[in-house]
Structure formats: structure tokens, C-alpha cells
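The values are calculated or read from the model by the stated rules, or taken from the named source; none is laboratory data. Source: prediction; values computed, not measured. Here Cβ is always computed from backbone atoms with ideal geometry, including for glycine, and neighbour counts include all displayed protein chains. Surface areas here come from the heavy atoms of the whole protein model, side chains and all, with no ligands, DNA or RNA. Shrake-Rupley method; radii C 1.70, N 1.55, O 1.52, S 1.80 Å.
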Amino acid sequence: MALSAQQIPRWFNSIKLISVITAPQLRQCSQRAGKTLLCGFSAQPQMSSDNFFLQWGFKTYRTSSMWSGCQSANSGRQESNSARSTLLPSVNEQSQKTQKTPNFDSELSLEGLDDLPLLSPLQPVSEEEAVQIIAAPPLPPVSFTLRDYVDHSETLQNLVLLGLDLSKIEKQPDAANLLLRLDFEKDIKQILLFLKDLGIEDNQLGTFLTKNYAIFSEDLENLKTRVAYLQSKNFSKADIAQMVRKAPFLLSFSVERLDNRLGFFQKELQLTVKKTRDLVVRLPRLLTGSLEPVKENMKVYHLELGFKLNEIQHMITKIPKMLTANKRKLTETFDYVHNVMSIPHHVIVRFPQIFNTRLFKVKERHLFLTYLGRAQYDPAKPNYISLDKLVSMPDEIFCEEIAKASVRDFEKFLKTL
């Protein structure tokens with residue numbers, strides 16, 4: 001169908017009301033319009049804006065042609081008004097088509113939403129959303145207590161459940177830096193399993209770790225090597241477990257240092273291998289503590305108190321704490337027992353527990369027996385009272401069996417001192 005001379009300007013003017021097009025676009029629209037009308041259907045809108053514009057142009061042209069055939073007898077003014085009225089439905093039609101234009105973004109599968117990127121932390125939020133945000137308090141850069149870090153550290157939480165005393169740990173300047181850098185699964189769990197296999201019970205882990213939290217910085221293979229060394233020296237598994245419980249720092253010492261300590265006590269005290277082993281099992285801190293108090297006390301027993309080497313060996317194998325006792329306490333106790341109570345060396349050697357007793361207790365009971373006339377410590381005479389009974393019995397048994405008096409009489413006497 002050919003365009004009339006009147007229809008072409010009207011159609012072209014209606015197009016210019018919406019947008020400005022180029023000549024090549026107009027020629028393309030004209031060719032497609034002729035083909036569309038001959039076939040009897042309009043082209044469907046595509047994704048591009050040019051194709052959408054063409055469809056709107058074809059609709060306008062078809063409407064103008066129908067209006068021209070029905071209203072050819074009207075005047076030019078009526079034709080102009082009708083053209084304007086024809087344009088209005090076309091504009092509305094454009095808006096309807098625009099609304100009906102398929103939105104391919106909305107047709108995306110919901111499965112693809114999982115692949116969408118996360119929201120940026122810099123994305124602005126409204127005031128209502130900002131009020132609903134609950135932010136956790138930041139960790140303090142410096143703190144005098146580990147309590148501020150417990151809620152943020154899984155390692156500290158698990159250690160507290162095991163019985164670790166943070167109030168004692170946080171007093172150490174390097175404790176917080178060590179524990180907060182450790183991962184419980186990678187760094188701590190394997191050490192705990194090792195201690196468990198060694199014989200440390202669950203209820204003992206808290207006390208052990210509180211004293212020696214630095215064991216987590218030790219290499220597991222080094223710990224196993226030190227245990228193997230003790231086993232090579234005929235320490236049983238029960239002995240090693242007992243030593244580790246009493247001296248938590250034992251496993252932090254190298255094999256060379258442990259070997260030197262055992263050699264020192266065997267040589268210095270001239271003990272047999274078995275007696276040396278029994279000595280350190282009963283007092284394992286001899287292997288971890290300083291050797292200076294031990295050397296000083298050996299000189300005190302031998303030079304100041306006048307004990308022979310075999311007497312010293314007998315006393316320390318029965319009371320190992322005598323090797324680490326306070327020097328002043330040792331001299332004061334010996335002076336009172338030997339010079340005031342007139343007890344000779346060989347009797348003291350038989351009862352070395354006297355050095356492990358508080359001196360005021362010895363004084364109170366000795367003075368009470370002296371008041372009653374029963375202070376007799378010579379085993380060759382009647383009514384002999386041993387030093388063991390003098391210091392080891394509770395007040396009730398002491399008064400009944402040794403002093404032959406009532407507890408009330410003993411208490412009245414103590415008030416006179």
C-alpha cells in the first residue's frame with residue numbers, strides 16, 4: 001500500500017513529537033512498515049530501543065491511515081484536530097507498550113540469586129536500619145585482665161572450662177600474648193592429650209596448666225623425648241606422672257639439664273642410683289628448682305650443725321624437704337632441740353621430722369612436759385618420750401597419752417606463757 005501525500009507529513013510530524021530520528025532510521029522504519037502492513041501483523045518489540053520506536057511508528061501510521069479514509073470530507077481544521085487527537089492515543093499506547101516491555105532481569109531464575117555478590121560494607125544504610133544494628137564492643141588494645149578477651153577467644157573459654165585460673169595467669173606479662181595467639185585445635189589439644197596419656201587426670205589439668213601454661217609453647221616431640229629419657233632411667237609411668245603433678249615445670253627442662261641434676265644429687269649426696277631416684281620422685285622440684293639452697297643447706301648440716309655425711313643421707317632420704325628448708329629455721333630448731341632440750345645428734349637423726357615442725361609447737365609441748373615433770377627424751381631411761389610422738393600427735397592425744405593431763409589444763413598453761 002502506497003502512502004499518500006497528506007499521510008506522510010502527518011506521520012512524520014507525530015514521530016517528531018516524541019524524538020528526533022536520523023534519515024537512515026526513517027528509511028529503515030519505512031521499509032519495515034510496508035512489510036508489516038502487507039503481512040497483516042505488527043512487529044513485536046525487542047530489547048533495543050530502536051525496534052521499540054519502530055513499533056510505535058507503525059502503530060501511529062496505521063491509525064493515521066484509518067482516520068484519513070473515514071474523515072476525508074472534513075475541513076483542514078478538523079483534520080488538524082483529529083490528528084492531534086490521534087496522537088494522544090499513540091502516546092498512551094507508547095506508555096502501555098513501555099510498561100508491557102518484557103523485563104528480562106525479572107525473568108532471571110531465582111537460583112541465580114545465590115551467585116549474586118554480597119553487599120558492600122560501604123553501602124549506605126538508612127537511619128532506621130542503623131538503629132537496629134547491634135555491634136559487638138571492640139577488643140581493647142591494652143588490658144590489665146584477660147577477662148576482656150574471654151568472650152572473643154575460644155582458646156581461653158576452653159581453658160577456663162578445664163580449670164585454668166586466669167586471675168593467676170594474667171599476672172604473668174607474657175601469658176596473655178602466648179594464649180591469645182594459640183589455636184585450641186592445632187596448638188593445645190595435642191598437648192592436653194599427651195598429658196592425659198601421661199597420667200594427669202581431668203581434675204588436675206587446671207592446677208597443672210595454671211602453674212605451667214608455657215608448656216603450650218613446647219614442641220610435642222621434645223616432651224615425648226624427655227619422658228622417654230626418664231623411662232630409660234627406670235622411672236615408672238606412675239613415678240613420672242607423680243613427678244609431673246608435683247613439679248609442673250619438669251617437662252619444660254631439656255634432657256641435658258635433667259641428666260645434670262640427677263648426676264649432681266647422686267654425686268653430692270653420695271647416694272645410690274635407687275636412692276637418688278626415690279629422692280627425686282618424692283621431691284621432684286629438686287630437679288626444677290635452684291641448686292643454691294641445696295648446696296647451702298648441705299654446708300649448714302655438716303659445718304654448723306655437726307652432722308656426719310651418713311647422718312645427713314639418712315635424714316634427707318626420710319625428709320627430702322630438709323634439702324630446701326629455710327636456713328634460719330633449721331638453725332633455730334636445732335639450737336632449741338639440741339641445746340635446750342639436750343637431745344643428742346644420734347637421736348635427732350632417728351627423728352628428722354623435728355626439722356619439719358613449727359618451732360613454737362615444739363616449745364609449747366616441751367615446756368608443758370617440763371612443768372609436769374615428764375620431759376624425758378633419753379631412750380635408755382623410763383618414761384621415754386620420742387620426738388616423733390612429741391610433734392606428730394594432736395593436742396587431745398598428746399595430753400591424754402603423753403602428758404597425762406587434760407586439754408583444759410594444757411590450754412590454761414599456754415595462757416601463762
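Please verify whether residue 347 is of a type in the set (A, V, I, L, M, F, W, C), at pLDDT 95 or above and within 30 Å of residue 268 (Cα to Cα), treating the condition exactly as stated. Spelling it out, it is not the case that residue 347 is of a type in the set (A, V, I, L, M, F, W, C), at pLDDT 95 or above and within 30 Å of residue 268 (Cα to Cα). Taking into account only those residues within segment 198-248 that are among the β-branched types (Val, Ile, Thr) and open to solvent by 10 Å² or more (accessible area, probe 1.4 Å), which is nearest to residue 167 (Cα to Cα)? Applying the filter and picking the extreme gives 210.
Listed by position, the helices (runs of 4 or more DSSP H) inside segment 325-374 whose residues that are open to solvent by less than 40 Å² (accessible area, probe 1.4 Å), free of Cβ contacts under 8 Å to residues at least 40 places away in the same chain and more than 21 Å from residue 399 (Cβ to Cβ) number at least 2 are 327-334. Looking at this structure, is residue 321 within 28 Å of residue 268 (Cβ to Cβ) and open to solvent by 40 Å² or more (accessible area, probe 1.4 Å)? So residue 321 fits the description; yes. Scanning segment 232-273 for residues that are farther than 26 Å from residue 296 by Cα, part of a helix (DSSP H, G or I) and free of Cβ contacts under 8 Å to residues at least 12 places away in the same chain yields a single hit, 232.
For segment 261-285, the tally of residues that are surrounded by 13 or more Cβ atoms within 10 Å (Cβ to Cβ) and either at pLDDT 95 or above or under 18 Å from residue 236 (Cα atoms) (or both) stands at 12. Residues in segment 166-197 that are open to solvent by 80 Å² or more (accessible area, probe 1.4 Å) and either assigned to a helix (DSSP H, G or I) or closer than 14 Å to residue 223 by Cβ (or both): 10 in all.
Among the residues making up segment 286-299, those that are surrounded by 18 or more Cβ atoms within 10 Å (Cβ to Cβ) and outside any helix (DSSP H, G or I) are 287, 288. With respect to the conditions (1) farther than 28 Å from residue 383 by Cα; (2) touching a residue at least 12 places away in the same chain (Cβ under 8 Å), residue 310 lacks only one, and its number is (2). State yes or no: is residue 385 on the phi < 0 side of the Ramachandran plot, modelled with pLDDT of 90 or more and surrounded by 15 or more Cβ atoms within 10 Å (Cβ to Cβ)? Considered against the rule, which asks whether it is on the phi < 0 side of the Ramachandran plot, modelled with pLDDT of 90 or more and surrounded by 15 or more Cβ atoms within 10 Å (Cβ to Cβ), residue 385 comes out as yes.
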